[in-house]
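Only one structure is covered here, and it is reproduced in the block below.
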Amino acid sequence: MTTAYEDVLALAREVHLLDSSAEVLAWDQETMMPPGGVEHRAKQLGLLSRLSHERGTSQRYGELLEACADLELDPAAAAEVRVLRRNFARATRVPASLVQERSEVTSQAQHVWADARDASDFRAFQPWLDRILALERDRAACLGVPEGGEAWDALAEDYEPGMRAADLERLFGPLREELTVLVKEIGETSPPSDEFNRTAFPVDDQETFVRIVATAMGFDFRRGRIDRSTHPFCGGSHCDDVRITTRFHDDNVGDALGSTMHECGHGLYEQGLPSDRVGTPLGTAISLGIHESQSRLWENHVGRSRSFWAWCAPIVHAQLGAAARRFDAEALFGAANVVRPSLIRVEADEATYNLHVIVRFELERRLIRGDLDTADVPAAWNALYAECLGIDVPNDRLGCLQDVHWSCGLIGYFPTYTLGSLYAAQFYAAAEGALGDLDGLHARGDFAPLREWLREHVHRHGMRFDPDPLCEQATGSRLDAEVFLNYLRGKLGPLYGLA
Ligand code: ZN
């Protein structure tokens, strides 16, 4: 006789087998598949998604979850049931007709958005944004707005359990204010040279170089792969088969390194999940914000530090040839830390990036509340860019049409990027407090203590704790933007000669 708990976990694992099959097909589509495969692949993914949804929302699944309420469970098992119940409730509260309509509308809206962006014509996209916002408001009503909260909260729960707009407002307010000042001060100085980032190196040499760094970080190539794709991502099927991708340009090795370290950070999180819990909540990453903290920690706190470049400079010189040898460790460190306000979020540096995110959060919150008319989005966007980043937006293509997210119905997603930065700073500071001189270790290329600290305090827990308690348990305090601001000031202040 098996218990309801064992039966429900067996079902969860089956749903994960379907989802992880889709993941591998999606990875293949981005890296290997010839263009001719597109139509058939869409059908394969569509079927897998339908089967997964049917199993994951079946009456039997619901009954088993109900039956689990009567069982005496140890804390780990109780955490699994709590997460499965939450996911089940969210998956079953929205009627199939609304799910179907959202899927059709967003699929068309993405095409309309791509054309509108190319033509820099927001008016063409505006009616679709109106439809998406209406659908998202309906979805929020079905999901249930948390007590004292707002519709935006109900939507964001998919990406960051427990995240509330009012909490973000408290975190982001001071962050916006202080970053605006810091970026303005930096703008009045002369930046370090970014010539290294613009120097051409053979792509094969770049690939050898970034693989050396990934290996030093501890990415396990027996349980993972690195391939190339247009947009880097981390996929794969489970912790023992993690697929990350990166990209190369002739003359931007900084982008190749940053992308590789970023995706490797995601990959280390996936490889650090417990392999005996595959397909259950304890074997699954908790949230997008925590996931992003792992990628940003390696990309920024490690990869843009002076100690990293002290270790890495001789490797750069050996792997990238004569053209690289005129850049010493200090020049490489400088090139990795060029800060300049710019128009495009995905190309933004570490200091300005979060201002791009805060602008989007403020706008989408007002849109969902109905406080901002879609017709006024371009003007509101441009005003916020002038205010926060001190730059003029010349057109909608480089402004409010640059991101795909809203056309996909992803309302509540953007802030997870900035939460990632804030969690990363807090995890790094806690690791440093526990391990001592991380700079000394990293200058020798010894990244194992940091990786193992993250594994112990973040990775191995899977979804056992929500992001907030996880942070508090790992770092001793709740999320606080001040840790990130101190880190940024501590690094950029001396580099830019700020008082
Ligand atoms: Zn990421």
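The values are calculated or read from the model by the stated rules, or taken from the named source; none is laboratory data. Note that the structure is a prediction, hence the values are computed from the model and not measured. So basically every Cβ, Gly included, is an ideal-geometry build from the backbone, and we count neighbours across all protein chains shown. What goes into the accessible areas is simple: the full protein's heavy atoms, side chains included, and nothing from ligands, DNA or RNA. Shrake-Rupley method; radii C 1.70, N 1.55, O 1.52, S 1.80 Å.
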Problem - CD proxy at 222 nm, helix term only [per DSSP H run n ≥ 4: -39500 (n - 2.57); per residue of the chain; nearest 500] - result: -20500 deg cm²/dmol
Practice task
Take the alpha carbon gyration tensor of the stretch 233-386, find the square roots of its eigenvalues, order them as a ≥ b ≥ c, and report rounded if a/c is under 1.5; if not, report prolate when a/b exceeds b/c, else oblate.
Solution key: oblate
Problem - Interchain or long-range residues, amide H under 5 Å from residue 246's placed H - result: 227, 228, 229
Completion exercise
Percent of all alpha-carbon pairs of the stretch 1-83 at distances over 15 Å, whole number, is 63
Practice task
Rank these residues by their accessible area, most exposed first, probe 1.4 Å: 316, 99.
Solution key: 99, 316
Practice task
In whole angstrom, note down how far apart the Cα centers of the stretch 340-367 and the stretch 38-78 are.
Solution key: 36
Completion exercise
Taking only C-alpha positions in the stretch 87-230, Rg and Dmax in angstrom work out to 22.6, 57
Fill in the blank from the handout: In whole percent, the Cα-Cα distances of the stretch 368-499 spread across 5 Å bins from 0 upward as 2, 8, 12, 15, 15, 13, 12, 12, 9, 3, 1
Practice task
Take every Cα-Cα distance within the stretch 48-167, group them into 10 Å bins from 0 onward, and report for each bin the whole-number percent of pairs it holds.
Solution key: 11, 31, 33, 17, 6, 2, 0
Completion exercise
Excluding ligands, DNA and RNA, the carbon-plus-sulfur percentage of the accessible area of the stretch 384-482 with a 1.4 Å probe reads 46
Handout entry: Descending principal axes extents, the stretch 194-316, alpha-carbon based, whole Å
Key = 47, 26, 22
Completion exercise
Bridge orientation stat for the chain from DSSP, antiparallel percent rounded to 5, came to 45
Problem - Listed residue (124, 114, 57) projecting farthest to the positive dipole end of the stretch 43-124, Cβ model - result: 124
Exercise for the section: Per residue, how big is the convex hull around the C-alpha atoms of the stretch 158-221? Give it to me in cubic angstrom, could you? Expected result: 195
Practice task
Mind ranking 14, 63, 177, 299 by accessible surface for me, highest first, 1.4 Å probe?
Solution key: 177, 63, 14, 299
Practice task
Among 462, 368, 400, pick out the residue whose Cα is farthest towards the positive end of the charge dipole of the chain, where Lys and Arg carry +1 and Asp and Glu carry -1 on C-beta, about the Cα centre.
Solution key: 462
Completion exercise
Working note, the stretch 111-179: Cα radius of gyration (Å, one decimal) and Dmax (Å, whole number) are 15.7, 42
Practice task
Determine the per residue accessible area of the stretch 137-281 with all protein chains present and a 1.4 angstrom probe, expressed in square angstrom.
Solution key: 41
Problem - Solvent exposure, largest accessible area first (probe 1.4 Å, DNA, RNA and ligands not counted), of 217, 463 - result: 463, 217
Exercise for the section: Calculate the dipole size of the chain relative to its Cα centre from +1 charges on Lys and Arg beta carbons and -1 charges on Asp and Glu beta carbons; express the result in debye to the nearest 20. Expected result: 440
Handout entry: Viscosity 0.890 mPa s, temperature 25 °C, Stokes-Einstein D of the chain from Kirkwood C-alpha radius, µm²/s
Key = 102
Completion exercise
Volume per residue (Å³) of the convex hull spanned by the alpha carbons of the stretch 308-398 is 128
Handout entry: Relative contact order (%) - criterion: Cα under 8 Å, at least six apart; region: the chain
Key = 20
